[in-house]
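Q: Below you will find the structure I want to go over with you.
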Amino acid sequence: MNRYGVYALIGATTSKISDPLDGLFDDINFSQPITGGQCVINNILCAVYNFKYDDSGTERFIQAVFFDRKWFITSQGAQKRIAPSSVSGVLRMYATSDTDLWQLYTDKTSTINWEIQTALWSLSDPIRDKQALKFGVEATIANVAAELNITVDAENRSSAATTLSNTVIWVNNNGYTIPWTNNSGNQIAWVPTGYQLYKYDAQQYGKYLGLTVTSSAPSSTINGFQLEHELRARF
């Protein structure tokens with residue numbers, strides 16, 4: 001890893017594997033230590049690199065996590081260095097700020113702010129305008145009430161966010177919400193778990209279309225994205 005990216009050396013062959021991160025390297029503080037190692041996350045062996053990054057004028061430590069030619073970024077606090085260690089035969093990642101030590105990527109219950117942004121899709125015809133009609137997000141949600149905030153993106157703008165929830169709301173024939181309470185008088189939330197298909201009308205157009213999903217739901221998996229669209233004028 002250097003100022004030009006991350007490379008894999010397999011035998012005598014060198015291949016560049018950091019293409020999706022190339023825009024970050026100019027803002028990495030290479031005067032600070034860059035540490036890393038291998039770590040198992042959700043039963044997937046990943047490579048994790050920790051470095052100090054200039055985030056719009058504020059420097060902070062972040063981690064670039066790599067697997068299967070894919071990258072994602074995590075932020076775990078003020079750790080200066082990270083290192084792996086095998087626990088019961090499983091590689092775990094640990095971090096230190098020089099005065100303490102903690103384990104990374106283990107909490108599956110606390111809320112955490114996360115964001116997934118797709119590429120802007122040309123949808124096989126980059127010279128045609130596209131009118132987005134509906135979008136869908138396939139997600140597997142843990143046993144919690146979750147909200148997903150979704151925007152439909154184009155090459156120069158994003159739609160207003162649509163908030164979709166996995167909470168079931170009961171209503172009577174008059175349209176009034178029916179509250180459920182337990183023996184202690186606390187209101188009960190009806191929350192389905194497992195696979196969910198969130199879908200809604202889309203309001204967006206452009207040459208390229210994509211989706212952005214933000215949430216704080218813990219232990220969630222995005223299984224796929226769906227987009228219904230119509231082709232419009234050329235150029």
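The values are calculated or read from the model by the stated rules, or taken from the named source; none is laboratory data. Being a predicted model, the structure only gives us computed values, none of them experimental. Neighbour counts run over all protein chains shown; Cβ positions are idealised from the backbone, glycine included.
Q: Checking residue 199 against (1) in a loop (DSSP other than H, G, I, E, B); (2) in contact (Cβ under 8 Å) with a residue 24 or more places away in the chain, which test does it fail?
A: (1)
Q: Taking the condition out of contact with any Lys or Arg (no Cβ under 7 Å at 6 or more places or on another chain) and surrounded by fewer than 12 Cβ atoms within 10 Å (Cβ to Cβ), does residue 204 pass?
A: Working: out of contact with any Lys or Arg (no Cβ under 7 Å at 6 or more places or on another chain): yes; surrounded by fewer than 12 Cβ atoms within 10 Å (Cβ to Cβ): no.
Spelling it out, it is not the case that residue 204 is out of contact with any Lys or Arg (no Cβ under 7 Å at 6 or more places or on another chain) and surrounded by fewer than 12 Cβ atoms within 10 Å (Cβ to Cβ).
Q: Could I ask something else about it? Out of all the residues in region 206-223, which are at pLDDT 95 or above, out of contact with any Phe, Trp or Tyr (no Cβ under 8 Å at 6 or more places or on another chain) and not hydrophobic (A, V, I, L, M, F, W, C)?
A: Passing the criteria: 206, 207, 212.
Q: Go through (1) in contact with a strand residue (DSSP E or B) (Cβ under 7 Å, 6 or more places away or on another chain); (2) closer than 22 Å to residue 221 by Cα one by one and return the number of the condition residue 15 breaks.
A: (2)
Q: While we're here: Starting from region 79-100, keep only residues that are polar (S, T, N, Q), then list their pairs with residues that are assigned to a strand (DSSP E or B) whose Cβ atoms are within a distance under 7 Å, requiring at least 6 positions of separation or different chains.
A: 79/50; 79/61; 79/95; 79/96; 85/92; 85/94; 96/81
Q: I've got another one for you. If we scan region 5-13, do we find a residue that is touching a residue at least 12 places away in the same chain (Cβ under 8 Å), surrounded by 10 or more Cβ atoms within 10 Å (Cβ to Cβ) and either in the same structural domain as residue 93 (by TED's automatic domain parsing) or in contact with a Lys or Arg (Cβ under 8 Å, 6 or more places away or on another chain) (or both)?
A: Going residue by residue through region 5-13, those that are touching a residue at least 12 places away in the same chain (Cβ under 8 Å) are 5-6.
Cutting the leftovers down to surrounded by 10 or more Cβ atoms within 10 Å (Cβ to Cβ) gives us 5-6.
Filter once more, so that each one left must be either in the same structural domain as residue 93 (by TED's automatic domain parsing) or in contact with a Lys or Arg (Cβ under 8 Å, 6 or more places away or on another chain) (or both): 5-6.
Yes, some residue in region 5-13 is touching a residue at least 12 places away in the same chain (Cβ under 8 Å), surrounded by 10 or more Cβ atoms within 10 Å (Cβ to Cβ) and either in the same structural domain as residue 93 (by TED's automatic domain parsing) or in contact with a Lys or Arg (Cβ under 8 Å, 6 or more places away or on another chain) (or both).
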